[in-house]
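Shown next, in structure tokens, is the structure this report addresses.
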Amino acid sequence: MKYLIHLLKIIFIATIGIYNANAQSNIRFEHLTTKDGLSINSIFSICQDKEGFMWFGTWYGVNKYDGYSFTEFKHDPANTKTSLVNNVINTMLEDSKGRLWLGTWEGLHLVDKVSGDITPFLNPADDWFAFNAITSLAEDKQGNLWLGTYAGIH
């Protein structure tokens with residue numbers, strides 16, 4: 001009897017596993033590469049905004065994907081007030097207000113999703129790199145933005 005109960009447990013678990021595998025087999029994946037317009041094949045961060053656009057943070061800027069084509073946002077030396085200060089996008093977050101924040105090796109950036117303008121926020125600290133290399137972003141229930149850096153949490 002003990003053997004029969006054990007065997008039934010195994011059959012039950014195997015049946016659930018097969019059912020779950022079949023239920024998930026309908027998921028469609030699309031592989032996007034530089035051939036599709038992505039700036040580079042190495043992705044550091046991904047964010048889907050409330051409008052459904054996909055944002056890919058790369059070594060060479062951020063790429064917005066609308067399902068058909070990419071729009072690339074990179075550092076523009078001639079336009080430092082409305083472009084990325086650094087192209088390495090470590091992390092991204094869309095906050096509760098629908099604003100897209102980027103964390104780069106050289107600071108926090110806010111993307112205007114309509115105009116494409118990017119506003120950099122840099123910390124003029126003594127240990128400039130430690131405070132400006134944003135490695136993670138989070139928003140709390142009160143809407144405060146939290147930054148993870150090499151110098152800690154801010």
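The values are calculated or read from the model by the stated rules, or taken from the named source; none is laboratory data. Only a predicted model underlies this, so the values are computations on that prediction, with no experimental measurement involved. Cβ coordinates were reconstructed from backbone atoms using ideal geometry, including for glycine residues, and neighbour counts include every protein chain displayed. Side chains are part of the model used for accessible areas, which takes the heavy atoms of the whole protein and leaves out ligands, DNA and RNA. Shrake-Rupley method; radii C 1.70, N 1.55, O 1.52, S 1.80 Å.
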Quiz item: What FRET efficiency would be calculated for the residue pair His154, Val114, taking the C-beta separation as r and a Förster radius of 30 Å, to the nearest 0.05?
Solution: 0.60
Quiz item: Looking at this model, which pairs from Lys35/Lys74; Lys35/Lys97; Lys35/Lys81; Lys81/Lys113 are more than 24 angstrom apart at the alpha-carbon?
Solution: Lys35/Lys97; Lys35/Lys81
Practice problem: Figure the gain on full extension for Tyr60 and Lys97 (residue separation times 0.36 nm, minus the Cα-Cα span) and round it to one decimal in nm. | Solution: 10.7 nm
Quiz item: Accessible area, 1.4 Å probe, largest first: how do Ile27, Ile43 sort?
Solution: Ile27, Ile43
Exercise. Give the shape of region 28-97 as rounded, prolate or oblate, defined through the alpha-carbon gyration tensor: a ≥ b ≥ c are the square roots of its eigenvalues, a/c under 1.5 means rounded, and otherwise the shape is prolate if a/b is larger than b/c and oblate if not.
Key: oblate
Quiz prompt | Reach of Lys141 by Cα under 15 Å, taken over aspartates and glutamates that are not fewer than 8 positions away in the same chain | solution = Glu94, Asp95
